[in-house]
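In what follows, a structure is listed as structure tokens, so that the remarks can point back to it.
Read-outs throughout are calculated quantities, based only on the coordinates presented, and are distinct from any laboratory measurement. The structure presented is a predicted model; accordingly, all values stated were derived computationally and were not measured. Cβ: placed from backbone, ideal geometry, glycine included. Neighbour counts: every protein chain shown.
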Amino acid sequence: LLASMLVGISCKKNGDGGANPGDSCKISYKVDGQSTTETPLVCAYSNQTLNLGLIGSNSIQLQIANLTATGDYDFTNSDVIVLIRLSDGTNLVQSDNGAITVSTINNSRAKGTFAGTFYAVDDGGQTNPFLVTAGSFDASY
């Protein structure tokens with residue numbers, strides 16, 4: 001199910017496969033009060049899909065498909081995917097309680113905030129919630 005939620009992306013790359021020299025991307029958030037800030041491997045807006053981070057290489061992946069305007073994108077929206085990998089290897093996925101607020105989106109920059117309740121991917125009964133707060137992203141690509 002989780003794999004089916006991820007859509008393919010197209011990233012700008014330089015000749016050696018890395019990001020372009022002008023690209024800059026930062027995501028910060030707290031999980032149950034523990035702060036994390038990182039520079040994601042993937043930082044792209046292509047075909048109306050914003051994709052920041054890559055699970056397996058980063059501790060977070062934030063994706064919004066069909067993104068054409070600023071605004072609030074509720075976690076219940078099937079176009080929204082937020083995955084977080086904790087330092088102990090636990091993989092979290094967003095619940096229906098939360099949202100991403102996009103304050104800037106264009107062909108060169110995306111900026112916004114996010115917060116909500118997450119659960120471990122293997123917690124089918126959603127019995128152990130993780131609270132994600134103070135989420136923010138600022139990406140130039």
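At full extension, LEU86 and ASP74 could sit 2.1 nm farther apart than now, given 0.36 nm per residue minus the alpha carbon distance. Please check which bits of region 29-72 a label hung off ASP123 would reach, taking the label as a point 7 Å along Cα-to-C-beta and the cut-off as backbone N under 15 Å. Hits in region 29-72 for ASP123 at 15 Å: 31-34. Relative to one another, the C-alpha centroids of region 32-72 and region 86-105 are positioned 9 Å apart. Counting 0.36 nm for each residue step from SER28 to THR104 and taking away their Cα separation leaves a gain of 25.7 nm. Skipping prolines and chain starts, which residues have an amide H placed within reach, meaning under 5 Å, of the one on ASN58, given they are 5 or more residues away or on another chain? Hits under the 5 Å cutoff: none.
Projecting the Cα atoms of THR133, SER108, GLY71 onto the charge dipole of region 30-140, computed from C-beta unit charges around the Cα centre, puts SER108 farthest toward the positive end.
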